[in-house]
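Everything on this sheet refers to the single structure shown next.
Derivation of every value follows stated rules applied to the coordinates shown; laboratory data play no part. Fair warning: this is a prediction, and the values are worked out from it, not measured in the lab. Glycine also receives a Cβ, built like all others from the backbone with ideal geometry; neighbour counts cover every protein chain displayed.
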Amino acid sequence: FKQKTAYEIMPSLVGSEMCIRDRMKGMTNKKRILSGVQPTGDLHIGNWLGAISNWVALQEKHETFLCVVDLHAITTEYDPKQLSKNTLSTAALYVACGIDPKICSIFVQSQISAHSELCWILNCMTPINWMERMIQFKEKSVQQGNNVSIGLFDYPILMAADILLYDADYVPVGEDQKQHLELARDIAQQRINAKFSKGENILKIPQPIIMKKGSKIMSLNDGSKKMSKSDINEGSRINLLDTPEIITKKIKRAKSDSYMGMEFNNPERPESRNLLMIYSLLSGKEVSELENDLSQTGWGTFKKIFTEQLIESLKPIQERYQVLINDPYELNKILIEGKEKAEAVANKTLSRVKSELGFFEMEK
Ligand code: TYM
């Protein structure tokens with residue numbers, strides 16, 4: 001798997017302003033990154049190709065904080081017996097995908113109470129009508145029927161707290177998180193900095209980093225729908241820990257069409273486009289080169305090549321994962337060290353926000 005470097009900072013959002021942290025930073029001149037994945041079920045190749053592989057590419061040159069967002073995972077129905085197991089498994093997958101715990105801080109969101117506390121403060125600053133626009137809430141609440149929790153509605157504000165606590169310069173995410181990032185920026189700028197800053201900004205305005213390729217991997221059953229953990233059909237996604245047998249079965253059943261040859265730009269062929277994109281990312285070959293090579297290849301043959309590539313690309317991740325998940329001591333150590341570094345930063349930001357917003361402070 002070739003690490004990608006081509007990414008795009010949303011042009012409309014360029015221009016983060018200086019904040020108090022920039023002046024105080026001193027220790028490191030590296031720009032800071034914050035991102036996370038929900039430990040709901042198994043991570044799939046969309047999470048990897050759209051987000052985690054981007055973190056891997058960026059980690060060397062940035063100060064990186066990566067959380068497993070378990071508080072987000074309880075915003076829809078969940079199994080308490082699985083939560084802790086999934087949290088650990090998600091952290092192990094970060095490392096298995098190439099995140100280096102020696103240079104990145106990997107931690108569990110619920111272990112740092114500043115996330116919930118800042119979320120409350122931001123709740124009180126955010127107009128409800130901003131929240132009513134959130135597309136993901138609308139989509140997810142349809143799936144939940146009568147069971148929609150306040151937590152699901154509040155989810156993007158908790159995400160804003162995750163980001164703003166770390167004064168993150170950049171937030172590498174998939175396309176589906178763009179609106180949540182815009183909300184985090186608006187809350188920080190319009191509801192905190194504009195209202196409460198006396199001089200320098202209280203909060204840093206973060207910028208999303210969204211890959212040009214891979215930021216929206218589509219379902220295997222429907223090339224016009226995003227690949228998603230919450231899709232009830234397991235066959236719609238390839239999970240990072242799927243065995244070669246399962247991968248083979250899922251790709252065999254994946255939706256195809258009646259055309260001959262693989263194409264990227266034909267709007268009537270979203271499934272062909274999606275698999276070509278995934279294949280390009282996994283093989284490191286350009287889409288145009290693949291289109292040339294595969295212009296006379298039928299679905300049956302392409303699916304075989306595709307399956308082989310997928311199995312081969314996931315093999316090293318799965319091998320590293322097995323070593324880690326069987327070494328709870330090492331994993332725990334990574335999470336303790338990550339928590340220590342993250343908590344120091346988070347608590348500092350929270351104190352700063354509380355102080356600037358007028359909360360009572362003890363005399364020292
Ligand atoms: P989550 O857990 O749904 O997804 C994790 C990351 O994977 C990306 N992603 C995809 N990328 C490409 N194609 C897909 N089909 C695909 N599906 C998911 C997501 O865009 C995301 O980057 N709200 C977030 C988690 C979160 C967070 C944060 C992220 C909470 N706090 C702070 C960044 C910063 C979420 O539910 O992601």
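Determine which lysines satisfy two conditions relative to residue 303: a Cα distance under 19 Å, and not lying fewer than 8 residues away in the same chain.
Leaving aside lysines fewer than 8 places away in the same chain, those within reach of residue 303 are 249, 250, 252, 255, 285, 315.
Once you have the Kirkwood Rh of the stretch 85-230 from its Cα pairs, apply Stokes-Einstein at 4 °C and 1.567 mPa s and quote D in µm²/s.
Diffusion coefficient, whole number: 76 µm²/s.
Go ahead and set up a Gaussian network model of the chain, Cα springs under 10 Å, then flag whichever of 185, 269, 32 fluctuates most.
269
Kindly flag which residue pairs out of 31/213; 140/178; 138/195; 30/204; 81/333 have an alpha-carbon separation exceeding 19 Å in this structure.
Over 19 Å Cα-Cα: 31/213; 138/195; 81/333.
Tilt of helix 270-283 relative to the longest C-alpha principal axis of the chain, in degrees (0 to 90, nearest 10)?
Here the helix axis deviates by roughly 80 degrees.
Which of rounded, prolate or oblate describes the stretch 258-323 when judged by the alpha-carbon gyration tensor and an a/c cut-off of 1.5?
prolate
Return one quarter of the surface area of the convex hull spanned by the alpha-carbon atoms of the stretch 182-301, equal to its mean projected area, in nm².
Averaged projected area of the stretch 182-301's Cα convex hull equals 10.7 nm².
Please give the net charge around residue 231, taking every other residue with its beta carbon less than 9 angstrom from that of residue 231, where Lys and Arg add +1 and Asp and Glu add -1.
It works out to a net charge of +3.
Quick check of the Kirkwood formula: for the chain, what is the inverse mean of 1/r over all pairs of different Cα atoms, in Å?
Result for the chain, one decimal place: 21.5 Å.
Using only Cα positions of the stretch 247-362, each an equal point scatterer, no hydration layer, compute I(q)/I(0) via Debye at q = 0.19, 0.23 Å⁻¹ and quote the log10 values to two decimals.
Results for the stretch 247-362 at q = 0.19, 0.23 Å⁻¹ read -0.96, -1.24.
Hey, what's the Cα Rg ratio for the stretch 91-165 versus the globular rule of thumb, 2.2 N^0.38 Å?
It is 1.35.
Ranked from highest to lowest mean number of other Cβ atoms within 10 Å per residue, what is the order of the peptides 195-202, 144-151, 70-77?
The densest-packed peptide leads the list: 70-77, 195-202, 144-151.
Between 299, 130, 120, where does the largest GNM mean-square fluctuation fall for the chain, given springs only between Cα atoms within less than 10 Å?
It is 130.
What's the ranking of 165-176, 210-221, 252-263 by average number of surrounding C-beta atoms within 10 Å, highest first?
165-176, 210-221, 252-263
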